[in-house]
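What follows is a set of notes on a single structure, which appears directly below.
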Amino acid sequence: MSSQQPNSPLSIAFIVRDPLPPIRADVLTLFGAEMPRYGVHTELVGQGGSEAPASPWPAGGMHVVGSLRSRFASICSPLWDLVGLWRSLRKQRPHCLQVRDKIASGVLGRVMAALLRVPFVYWMSFPIVEGFEVRRDDIARQERGLKGRLKWAAHALRAWASRIAIYKLVLPGARHIFVQSDAMADWLAAKGFERARMTAVPMGVDAALFDRAAVAPVEDARLDGRRVVLYLGRIAQSRKSDFLLDVAAQLREAMPETLLVIAGDAPSDDEMAWMRREIAGRGLEEHVLLTGWLPQRTALGYAVRAEVGLSPIPRGTLFDVSSPTKLVEYLALGIPSVANDIPDQKLVVEQSGAGLCVPMEARAFATATLQLLKDPEQARQFGMRGPAYVKGHRTYDILGRNVAKTYKKILME
């Protein structure tokens, strides 16, 4: 049992996969703003690679070594994490060492925690091993020739080694495992990991940021006189984002004044070019507005002009255990929503009563969207229920309280 007293300040050395300074709310808001309210202070360790947002971390609270933009980033990352961790340890000995979504650094974290005689905690927001295996299989289907075989072999080796590292070394040595959803916890439990050692922390929102009354609607003449339907988030071929265009095509046939606004960027210029080609190929230029990257306040300005929000997430191992943010964001803003039936989205729709849950099929999505566009009373009721549900279940102050309790429990075991 730790000698740590429950009411004294706790410190976490936290090795993260995402670039520093952090931009994801489940790092920036949860650990930078919420955890300190409960006496839990975090020292972030990782690589640089993003523009610095307004950060709640004090000077010296982030240890950045190397850059994720480096061509050798994936190879050097564990070494950089070790250097960053050493810098953190020179300031103070943490009460807990935590690693998020990293494999080699997960092994490193377990070893370092054992040497420091502090609990090791792992945070899994994505089934990264299975992601490697999907990439390996994609290469097998798409690549040809000697170069393709060598590329496949390298990815197959990475997937094999990663599976051993995560499921044989990292997770068995974790005092506790934070996961993205109850579905992910059940999935890991089916692999033999103790469910009692897991805590689900679904994606949430910053209540102040997503207060509709504080969001100014964007002024964009292209939306005037249109029935605006929204997709807020990233687009990618792996997410089957062209599904949105299949829905838009059906909406155009039934209600020509509809406009699908896709407010988000793609992970690469190639992906964005692919989406623009798909829009042009379907003749949807007058019915789909692809904004590209927007500042968050501008994106929210587009969101509050929408009548319906769409959240299609492909089914399968990678996404069934996820906790998508966009559906919760729609609800927080009072936007009636249509989502498909991955477990977390189904749960949110059922508990909130603020949307419709349908299979990820273009006809089903279009029918549900038209139902909301044609029934303003149902849409109004859905819009009223969303913010209340989010404030009671999915804001980071609510999630932070539960996470802080878990840390204090871990350190008293």
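Some values worked out for this structure:
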item	result
Residues (touching a helix residue (DSSP H, G or I) at 6+ places or on another chain (Cβ under 6 Å), open to solvent by less than 20 Å² (accessible area, probe 1.4 Å), closer than 13 Å to Ile313 by Cβ and in a strand (DSSP E or B)) located in segment 331-362	Ser337, Val338, Ala339
Sole exception among (1) among the polar types (S, T, N, Q); (2) under 22 Å from Val205 (Cα atoms); (3) buried (at least 24 other Cβ atoms within 10 Å of the Cβ) for Thr406, by number	(3)
Close pairs (8 angstrom Cβ cut-off, 6 or more residues apart or separate chains): modelled with pLDDT of 95 or more and open to solvent by 30 Å² or more (accessible area, probe 1.4 Å) in segment 214-234, part of a strand (DSSP E or B) and polar (S, T, N, Q) anywhere	Arg226/Thr258; Arg227/Thr258
Tally, over segment 252-274, of residues that are out of contact with any helix residue (DSSP H, G or I) (no Cβ under 8 Å at 6 or more places or on another chain) and either of a type in the set (A, V, I, L, M, F, W, C) or surrounded by fewer than 20 Cβ atoms within 10 Å (Cβ to Cβ) (or both)	9
Residue that is farthest from Gly48 (Cα to Cα) [pool: residues in segment 81-101 that are among the hydrophobic types (A, V, I, L, M, F, W, C), in contact (Cβ under 8 Å) with a residue 24 or more places away in the chain and in a helix (DSSP H, G or I)]	Leu89
Segment 280-330, residues that are of a type in the set (Val, Ile, Thr), closer than 20 Å to Thr369 by Cα and crowded, with 21+ Cβ neighbours inside 10 Å	Val288, Val308, Ile313, Val328
Strands (runs of 3 or more DSSP E) within segment 241-328 that include 3 or more residues touching a His at 6+ places or on another chain (Cβ under 9 Å), modelled with pLDDT of 95 or more and of a type in the set (Lys, Arg)	none
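The values are calculated or read from the model by the stated rules, or taken from the named source; none is laboratory data. This structure is a prediction, so every number in the text was calculated from the model and none was measured. Virtual Cβ from ideal backbone geometry, glycine too; neighbours counted across all protein chains shown. Surface areas here come from the heavy atoms of the whole protein model, side chains and all, with no ligands, DNA or RNA. Shrake-Rupley method; radii C 1.70, N 1.55, O 1.52, S 1.80 Å.
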